[in-house]
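Read-outs: derived from the displayed coordinates by stated rules, not from any lab. Please read these numbers as outputs of a predicted model, since none were measured by experiment. A quick note on method: Cβ atoms are made from the backbone with ideal geometry, for glycine too, and the neighbour counts reach across all protein chains shown.
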Amino acid sequence: MKFIYSSLFLACLIFSSNAQETKTKKTSFTFKKEAVVNLSSNQPDYSPKLLLREMPKQRSEKIETYNYPEDYKTNQANKMAAAILPTLSIGQSFVGNPWGLSTPNDNDMAISNSGMVISVINTNIFVRNTVTNVNSPIKSLALFTTPINNLHQEFDPKVMYDPNTDRFVLVCLVGFVDTTSKIIVGFSQTNNPAGNWNLYSLPGNPLNNNLWSDYPMISMTDKELFLSINLLYNNQPWQTGFVETLVWQMKKDSGYAGLPLNSVLHSNIKFNGKPIRNLCPVKGGSQLYSPNMYFISNRNLANQNDTVFLVNVTDTIGAPTGTVTTKALVSNQPYYFPVDGRQTNTLQTLATNDCRNLGAFYENGKIQYVHNTNHPTNNTPTIYYGIINNPAAVSPTATGYIIQNDTMDFAYPNISYAGNSSTDNTSIFSFNHSSNKVFAGTSAIRADGLGDFSPILRVQNGTTYVNLLSSNQERWGDYSGSQRRYNNPGKVWMSGYNSYVYSGSYPWAHRAWITELSLTQTIFTGIKNETITEEVSVKVFPNPAKDIFSVELNLSQPEYLSFELYDQQGKLVVLLLRDWVKVTQNTFSFSTQSLSQGVYLLKIKGNYNTAISKKVVVE
């Protein structure tokens with residue numbers, strides 16, 4: 001499907017791609033391991049949590065206005081074609097971190113080659129063995145940082161799996177002013193994220209200029225860990241308080257071993273004298289690459305723009321040939337400052353923040369990336385998908401596509417490589433969805449790197465609207481997780497947004513939803529005593545289950561289905577869902593958290609005489 005919003009080529013807006021070797025400042029640091037924390041220990045986890053009332057005020061003066069001709073948007077033709085790539089399929093799909101008395105969620109996740117998943121949000125850490133379907137007890141970010149932090153203002157966690165060493169890295173920030181700001185970096189000692197982690201503390205005000213660190217993003221090469229952060233003024237919103245983006249470069253093997261961590265801090269990263277904002281590191285696609293690390297950015301507070309910044313940090317720490325270069329590219333497709341997303345049954349909107357790059361990878365001589373944008377014809381938020389060809393060339397080229405969103409609002413994407421050869425540029429990118437008719441959840445799509453796309457797969461809908469803040473603007477981001485299963489090509493795991501009924505004073509909350517996405521249909525083994533009609537085939541997995549049941553349905557025609565759960569005496573326990581279910585593959589999931597151990601009967605009833613009963617066991 002070519003979800004293209006193709007632009008006219010305006011010569012007056014184009015400038016040549018030119019490179020600058022920026023006069024960045026390099027500062028060397030060495031950090032000693034400060035402590036070890038074990039996420040499987042029985043030490044008390046008091047999980048102190050304060051509902052963060054963070055909410056960006058997107059007033060017009062914070063948007064950078066560029067004077068484009070008035071007909072620049074209206075004269076463009078929407079060349080949308082039919083879907084030509086196969087749809088994605090859903091494998092395992094389950095609740096990650098529940099709401100933890102903070103907003104936004106800030107979902108991120110990583111998965112190891114052995115199937116260990118770690119999911120992080122602003123307050124919690126969740127670990128699951130996807131082979132045995134066993135969850136470790138949920139731990140707080142406060143517990144993770146306690147050995148070296150008694151402030152407990154943790155936020156913005158990021159996590160990544162290292163396929164070369166079979167280890168994990170977890171980063172989070174602490175403190176909201178220069179006197180309390182610091183960066184906690186944890187390196188797992190083994191391939192079990194529920195085990196021991198070596199903890200290091202980096203200064204949040206490293207240049208001693210009364211600024212603090214916000215919004216981390218991480219990536220790796222073969223030898224090093226890279227971390228980008230924004231420096232902000234105290235007591236100012238992130239839009240107007242921005243000063244510059246820094247890049248930390250660290251020897252990751254030292255972190256895994258608990259040795260002194262040699263690091264370099266790159267500052268003063270600019271183009272034409274202006275700091276480049278929100279540098280998004282470009283991850284390796286099928287593997288980690290070395291020695292360079294690319295970063296991309298754009299004019300992410302612009303009302304409308306087509307500039308793409310490409311930053312290259314060359315070589316390893318201490319190499320005499322190491323440089324930092326910047327290039328400004330012009331994409332054929334402009335991007336637009338996004339409006340807020342809609343919600344169902346409420347006036348509360350969902351904040352989309354800006355157009356900053358939220359995910360990127362490098363493979364086969366291409367950088368593929370995603371970020372928020374507005375759709376210029378229907379004035380709703382959606383996803384911008386971009387490709388930079390030959391980033392190492394003197395003049396790389398940038399091509400962009402705006403995803404069509406006829407009835408839904410989309411935001412906060414992330415992207416991973418799903419291909420399997422030097423000619424296969426397939427990617428999977430996932431993102432949050434919402435509308436005035438559908439509760440906030442998560443969706444996904446596949447792209448071939450040439451401008452063709454699959455139909456959008458709605459992975460999981462929410463069950464209520466979100467209402468946690470005192471005003472009419474709720475939080476939807478600030479990011480979501482995505483990672484390729486490195487030893488299983490064609491599969492990408494994601495952690496997205498999902499609204500649900502919590503309890504007590506906060507019934508309209510949000511949580512993390514984790515899903516395995518596949519280019520081909522995933523075959524599961526479930527219980528064998530199935531009742532199958534000609535129209536519907538059903539599989540339930542896992543069964544027995546401790547926390548989540550997933551039901552895979554294959555329909556030959558659309559049906560209005562009812563999902564009902566009964567106890568062994570035939571008494572209705574709960575009506576789980578009634579909704580229209582579309583043809584072909586569907587996955588329905590429900591939690592067992594409110595159920596007692598025992599045997600139940602799941603009944604699926606349809607309007608074409610469909611009547612399926614499944615015995616399910618709650619452990």
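Exceedance of the 31 Å cut-off in Cα-Cα distance is limited, within the set Lys158/Lys614; Lys139/Lys582; Lys437/Lys603; Lys23/Lys158; Lys274/Lys491; Lys366/Lys582, to Lys158/Lys614; Lys139/Lys582; Lys274/Lys491; Lys366/Lys582. Note that region 536-618 shows a convex hull volume over its alpha carbon atoms of 79 Å³ per residue.
For the chain, a simple Cβ point-charge model (Lys and Arg +1, Asp and Glu -1, everything else neutral) yields a dipole of about 360 debye relative to the Cα centre.
Taking θ as phi - 60° and the Karplus parameters 6.51, -1.76 and 1.60, the scalar couplings of region 187-201 work out to 10, 6, 7, 9, 7, 9, x, 7, x, 7, 10, 8, 10, 10, 10 Hz in sequence order, x denoting glycine and proline. Look at the alpha carbon pairs under 8 Å that are at least 6 residues apart: their mean separation over the length of the chain gives a relative contact order of 14 percent. Considering Cα pairs under 8 angstrom that are at least six residues apart, work out the relative contact order of region 89-132 and quote it in whole percent. Computed value for region 89-132: 33 percent relative contact order. Put simply, the amide H of Glu559, placed in the peptide plane, has neighbours under 5 Å in Val581, leaving out anything fewer than 5 places away on its chain.
Decide, for region 379-530, between rounded, prolate and oblate: order the square roots of the alpha carbon gyration tensor eigenvalues as a ≥ b ≥ c, take rounded if a/c falls under 1.5, and otherwise choose prolate if a/b is larger than b/c, else oblate.
oblate
Pairs of Cα atoms nearer than 8 Å and 6+ residues apart set the relative contact order; for region 536-618 it is 33 percent.
Would you calculate the volume per residue, in Å³, of the smallest convex hull containing every Cα atom of region 470-515? Numbers along the way, then the final one.
Working: hull volume 3.8 nm³, N = 46.
Spread over its residues, the Cα hull of region 470-515 gives 83 Å³ apiece.
Taken as Cα centroids, region 282-355 and region 126-198 sit 25 Å apart, rounded to the nearest whole angstrom.
When only the Cβ of Lys, Arg, Asp and Glu is charged (+1, +1, -1, -1), the dipole of region 536-618 relative to its Cα centre reaches about 120 debye. For Asn209 paired with Ser395, estimate the spin-label separation in nm (one decimal), with each label point 7 Å from Cα along the Cα-to-Cβ line. In this crude spin-label approximation the distance works out to 3.4 nm. Applying 1/(1 + (r/R0)^6) with R0 = 35 Å to the Cβ-Cβ distance of Thr463 and Asn191 gives a FRET efficiency near 0.50.
Shape analysis of region 134-234 places it in the oblate category; the axes a ≥ b ≥ c from the Cα gyration tensor give an a/c of at least 1.5, with a/b not above b/c. With Cα atoms as the point set, the radius of gyration and Dmax of the chain evaluate to 23.7, 76 Å.
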